[in-house]
Amino acid sequence: MNIVAALFRRELKSYFATPVAYVFIVIFLVLMGTFTFYLGGFYERGQADLRPFFNFHPWLYLFLVPALSMRLWAEERKSGSIELLMTLPITPWQAVLGKYLAAWAFTGLALALTFPVWITVNYLGDPDNGAILTAYIGSLLMAGGFLAIGSCLSAFTRNQVIAFVISVVVCFGFLLSGFPLVLDMFSAWAPQALVDGIASLSFLTHFANISRGVIDFRDVVFFGLLIGAFLYANTIVLQWKQAD
Amino acid sequence: MTKTTLIKNAAAPAPGRRTEQIQMIEIDGLTKRYGRHTVVDGLSFSCGAGEVLGFLGPNGAGKSTTMKMLTGFVAPTAGSASVCGHDVQSDSLEARRRIGYLPEGAPSYAEMTPAAFLEFIADVRELGGALRKRRLDEVVERLHLGPVLQQSIDTLSKGFKRRVGLAQAILHDPEVLILDEPTDGLDPNQKHEVRELIRSMAEDKLIVISTHILEEVEAVCSRAIIIANGRILADDTPEHLAARSRYHNAVRVTLGEGADLDAARAAIGQLGSVSGTEADRKLRSITALAADGGQGAAAWRDVSDLAAAEGWAVAGLQLEAGRLDEVFRQITEGAAT
């Protein structure tokens, strides 16, 4: 556990050693604000909740999370530090977990910094703060899902641009897997069970429940399993392609 | 003359005193193929504490790949390797705990400072308490990192980057130190320092260095393995390797101003103990190659007697041990054809 903590600290500090952290947080907050107040019609709706705010999270994450995850492993490959890291006495799980948790904690920090929106809605009205907290947890879980996908894909390549593009495409697939855009590709030939299975992977569906303030055990398990599966795949990719 | 030691499959015990030592690295039939291309081809050898093993070979000979397999970074296609009795694949963590490794090019985290980087390595190596502080202070002092501790690594010169990599490798005082081209890109003073460092640590460790700088082998190594195309071509002490050179026991006479170089060369060439001569006009020297491998230093005696008898103005007289670069070329080029 100490080793995971050491890797976590190093990774998290590295965000703040470069402008990456500040650029990311500023862009994240500016976009969140713009989307919520202009596109989401926060004031016009006249309701004391954060629905317009949370509705945009999946779409913001779609681009911002891969921007964060693309460097996780691709950069280690590019700079050669992966050779240093993976010849230290650590297991692939420790390496993957340490880096992943750092990226997740960083997203959590960015998300926490959106607190003025919460203050605003509490100032203007009397919202259901329990539901808002639930939605925040759901948003963090979804960001974790995107990050796990991005981290795994980043381990395939030394090129961050490739890692970014592939991650966006795969995340987009997961986001919309409950919608005709994705399902139509399968419904023509695949058995119904598979189509239903794919439909059930939709981030939007699972997030929609949580963002309404309903914590369904199944949604939490979904994100938990998805994160676990992609991180497991990440360790496999890492061992398989370690030296390439 | 020593015969070329060609080691094929068995982990043959190395000659002489080494057999009594505990073997810290044992490699048996280690092979790496990328597709149809064989990079390392059935390498077998073992070595123990107190040795400084120089891994020599042309670029692309498989030196780095062998080191990557020893440190568990690259999985071998066939064969096995163990470090202090721990197999690098099945017992990888234990093996890696005993290794300090400087990868080729000394990669590190560019945005970190050497201080933070070494703290990180200490964390991962689980060094704690007083030992941690002592080791950190020691490596900083040994590698003279004091002035740059708080500067980010990407702003450091190549020499400092390399030293940060070395500091990282020796931080946990490992039993086995594997250094891939430790002096590559350093200036002569820095090279000298790194060699001093290697020598000073050699006593109770096994140090494996790869290099293509031959003077380095002569300066620090107690044993040299020459590989080309992934195979071991020679495995011997640098002195024995140099003795294979045609310059072994050759005598070099440097003549003073006014002496007749050509006449002297002709006279030396007549000697029975001399098999041939080479002249260097710029240095005003004549090298007399010894016949019969120079047994009993007959050439030395004859040439110095001749010089005294002829009354040459001799500015210098040297007995050569042999030229490693020539042996290296001979061995590796012979293998290529």
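The values are calculated or read from the model by the stated rules, or taken from the named source; none is laboratory data. Keep in mind that this is a model prediction, so the values were computed, not measured. Every residue, glycine as well, gets a Cβ built from its backbone with ideal geometry; the counts of neighbours run over all protein chains shown. For accessibility, only protein heavy atoms count, side chains too; no ligands or nucleic acids. Shrake-Rupley method; radii C 1.70, N 1.55, O 1.52, S 1.80 Å.
Summary of computed values
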quantity	calculated
Any pair with Cβ under 7 angstrom, 6 or more apart, that starts in segment A:88-107 at a residue that is within 14 Å of another protein chain (Cβ to nearest Cβ) and buried (at least 22 other Cβ atoms within 10 Å of the Cβ) and ends at one that is of a type in the set (Lys, Arg) and in a helix (DSSP H, G or I)	A:LEU88/B:ARG96
Boolean, A:ASP196 is at pLDDT 80 or above and in contact with a His (Cβ under 7 Å, 6 or more places away or on another chain)	no
Enumeration of residues in segment B:292-331 that are of a type in the set (D, E, K, R) and touching a Lys or Arg at 6+ places or on another chain (Cβ under 9 Å)	B:GLU320, B:ARG323, B:GLU326
Only one of B:ASP91, B:ASP173 that is out of contact with any Asp or Glu (no Cβ under 6 Å at 6 or more places or on another chain) and either within 12 Å of chain A (Cβ to nearest Cβ) or without any contact (Cβ under 8 Å) to a residue 12 or more places away in the chain (or both)	B:ASP91
Hits in segment B:254-287 - residues which are buried (at least 17 other Cβ atoms within 10 Å of the Cβ) and part of a helix (DSSP H, G or I)	B:ALA264, B:ARG265, B:ALA267, B:ILE268
Qualifying residue in segment A:76-87 (condition: outside any helix (DSSP H, G or I), within 14 Å of chain B (Cβ to nearest Cβ) and over 18 Å from the mean Cα position of the chain (by Cα))	yes
Pick from segment A:1-57, criterion of a type in the set (Ser, Thr, Tyr) and surrounded by 15 or more Cβ atoms within 10 Å (Cβ to Cβ), ranking: farthest from the other protein chains (Cβ to nearest Cβ)	A:THR36
Checklist (1) open to solvent by 60 Å² or more (accessible area, probe 1.4 Å); (2) more than 22 Å from B:ALA219 (Cβ to Cβ); (3) at pLDDT below 90 applied to B:GLY128, failing item	(1)
Matching residues in segment A:196-208 - criterion: being touching a residue at least 12 places away in the same chain (Cβ under 8 Å) and part of a helix (DSSP H, G or I)	A:ILE198, A:ALA199, A:PHE203, A:LEU204, A:THR205, A:HIS206, A:PHE207
Residues of segment A:60-84 satisfying the condition of being within 30 Å of B:VAL176 (Cβ to Cβ) and either of a type in the set (Ser, Thr, Tyr) or surrounded by fewer than 20 Cβ atoms within 10 Å (Cβ to Cβ) (or both)	A:GLU75, A:LYS78, A:SER79, A:GLY80, A:SER81
Index of the failed condition, A:ASP128 passing every other in (1) touching a residue at least 24 places away in the same chain (Cβ under 8 Å); (2) surrounded by 16 or more Cβ atoms within 10 Å (Cβ to Cβ)	(2)
Count of residues meeting criterion [within 14 Å of chain B (Cβ to nearest Cβ) and either part of a loop (DSSP other than H, G, I, E, B) or on the phi > 0 side of the Ramachandran plot (or both)] in segment A:210-244	4
Members of segment A:213-228 that are open to solvent by less than 60 Å² (accessible area, probe 1.4 Å) and either under 16 Å from A:LYS99 (Cα atoms) or in contact with a helix residue (DSSP H, G or I) (Cβ under 9 Å, 6 or more places away or on another chain) (or both)	A:GLY213, A:ASP216, A:ASP219, A:VAL220, A:PHE222, A:PHE223, A:GLY224, A:LEU226, A:ILE227, A:GLY228
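This table checks each residue for (1) at the interface with chain A (Cβ under 9 Å from one of its Cβ atoms); (2) within 17 Å of B:ARG162 (Cβ to Cβ); (3) at pLDDT below 90; (4) touching a Pro at 6+ places or on another chain (Cβ under 6 Å).
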site	(1), (2), (3), (4)
B:ASN59	no, no, yes, no
B:THR66	no, no, no, no
B:LEU70	no, no, no, no
B:ALA78	no, no, no, no
B:ASP87	no, no, no, no
B:PRO107	yes, yes, no, no
B:PHE117	yes, yes, no, no
